[in-house]
Amino acid sequence: MKVSDKNGVFDFTANMIEIKKYNASARKLIERAISGVFEEIEQPESKVLRTMKSLVVHEYVHFLDLTTTLWGMEYIARKNLLAKAIAGDGEIHTRKDVSLINVSELHAHEQLVRTSGVGLLKTTLMNHEVVIDERFGPIIFIYYNVEEEIIQSVPLSMMAVLEANAYACEILSRIYDAERLVDPVARAIALQEAEDDFEGVLDDPGQSVYTVLISLAKLHFPLLDTKQ
């Protein structure tokens, strides 16, 4: 399972969610998935419905983080001040620079991540270092290590925080829906599918923006299960 922006994306500038994984023919299924009516009996399309719903949950959490957190309100306020300056033909240089502080926090990860391509579940140690980057300023880098070798270097960016929250909610959505299944065999299979997808994403070096904080928690709290 991939949670990349090929599946869905939230536009922090336009405040819009775009679901890319499915086309217009899937509209009725998506509406059913997010209707609030829980599937208690496993149907042929139930797995698809759970996946659809979790994808929408992921992107909706981004919307909530943008509109209900201090960081999000700051982002919106600075964006609106810049838009007003542009619309009013005002002095935009300072407002642009201030707005770009928040924008850069969303793009630091893609610019700074370094990977060797080794699966991240092989990690035996994670540590960190503060680095002064010329473009982004002070950055905390998280290092994934196999013994003494660094296999992944990931900036602890604001995007990493936002994606960790969204991906956690995505997986929890699938777990909660699976737990509602009446048949114990179907419930066990659905839970295992969610677990397998979760492990696959944690192992994928290309998706560390979603998982770096979750990987830290998993490494330091090995007794907790996925839901916890």
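The values are calculated or read from the model by the stated rules, or taken from the named source; none is laboratory data. Values in this document were obtained by computation on a predicted structure and should not be read as measured data. Cβ coordinates were reconstructed from backbone atoms using ideal geometry, including for glycine residues, and neighbour counts include every protein chain displayed.
Of the residues contained in segment 118-131, none is found to be in a helix (DSSP H, G or I) and under 19 Å from residue 10 (Cα atoms). Assess whether residue 91 counts as being at pLDDT below 90, out of contact with any Leu (no Cβ under 9 Å at 6 or more places or on another chain) and either outside any helix (DSSP H, G or I) or closer than 18 Å to residue 14 by Cα (or both). Yes: the conditions hold for residue 91. Can you list residue pairs whose Cβ atoms sit under 9 Å apart, with the first residue in segment 206-226 being among the small types (Gly, Ala, Ser) and the second being assigned to a loop (DSSP other than H, G, I, E, B) and at pLDDT below 90? Count only pairs 6 or more apart in sequence or on different chains. These pairs meet every condition: 206/2; 206/4.
If you go through segment 205-228 and keep only what is farther than 14 Å from residue 160 by Cα and either at pLDDT 95 or above or aliphatic (A, V, I, L, M) (or both), you end up with 219, 223, 224. Annotation: of all residues in segment 117-144 being surrounded by fewer than 13 Cβ atoms within 10 Å (Cβ to Cβ) and of a type in the set (Gly, Ala, Ser), the one that is farthest from residue 210 (Cα to Cα) is 137. A single entry from 107, 62 fulfils the requirement of being surrounded by 14 or more Cβ atoms within 10 Å (Cβ to Cβ), within 17 Å of residue 163 (Cα to Cα), of a type outside the set (A, V, I, L, M, F, W, C) and at pLDDT below 90: 107.
On the given criteria, is residue 9 surrounded by 14 or more Cβ atoms within 10 Å (Cβ to Cβ), within 16 Å of the chain's Cα centre (by Cα) and at negative phi? So residue 9 passes the test. Of the residues that sit in segment 31-49 and are aliphatic (A, V, I, L, M) and within 24 Å of the chain's Cα centre (by Cα), which one is surrounded by the most Cβ atoms within 10 Å (Cβ to Cβ)? Across segment 31-49, the extreme among qualifying residues is 33.
Summed over segment 3-46, residues that are closer than 17 Å to residue 181 by Cα, aliphatic (A, V, I, L, M) and in a helix (DSSP H, G or I) total 1.
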